[in-house]
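Just below is one structure, and these are the notes that go with it.
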Amino acid sequence: MDVFFYAVPGLIIATAAFAAVKIIRRSLELRSAWNSGLTAEARCLRSYTTTSGGGGDSSVSTTLHHVYEFRTREGRAVRFDESNGPSTVVEGDIVTVHYTAGRPEKATAHAPSPVKAAAGTIGILIFLGVVVAFSVAFMVTYHEMTSWFDMPFGGPDVTYVEPDVPYEGP
């Protein structure tokens, strides 16, 4: 039964760490694309939405996606899918994309806004840090509470006297 109280918070910590890595990686990709100075005109090939949630009484979340295609300076055709784009971009529109020479498939059509991106990344990382801290505190508290029961009857501050030996006091 103790495994449950360590495994679940451990799983939560692992999930939070995985999410933090993904968020930091995407933030660095955006920053690299914006700082590279390489831009191209891309055509929006498709716009679609995905939904999640809605089971039972939960709310439904809708995410707007765009599929873009552009040519790099070397002439290579690149197609990429980006989520959370502006709803004003529709199929056939031309937009400016930012990309890096080494990984043009990690391009972005989002306008450069490093302060906004950094604030969002930091906010999410703080939230994930609170989740990890709560999980660790839960495990430590559980361990402290259950280790008390492993002690002899009466707890850690009880003085035991042998029954056959008369107590003479301090």
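Looking at the range 1-50, which of its residues are within 17 Å of VAL95 (Cβ to Cβ) and of a type in the set (Val, Ile, Thr)?
Of everything in the range 1-50, just one residue is within 17 Å of VAL95 (Cβ to Cβ) and of a type in the set (Val, Ile, Thr), namely THR39.
Which condition number in (1) within 23 Å of ALA16 (Cα to Cα); (2) touching a helix residue (DSSP H, G or I) at 6+ places or on another chain (Cβ under 6 Å) is the one that ARG31 fails?
Looking at each condition in turn, ARG31 falls short on (2).
Which residue out of THR15, THR63 is of a type in the set (S, T, N, Q) and modelled with pLDDT under 95?
THR63
The values are calculated or read from the model by the stated rules, or taken from the named source; none is laboratory data. Bear in mind the structure is a predicted one, so any value in this text is a computation, not a measurement. With ideal geometry, Cβ positions are generated from the backbone for all residues, glycine too; neighbour counts draw on all protein chains shown.
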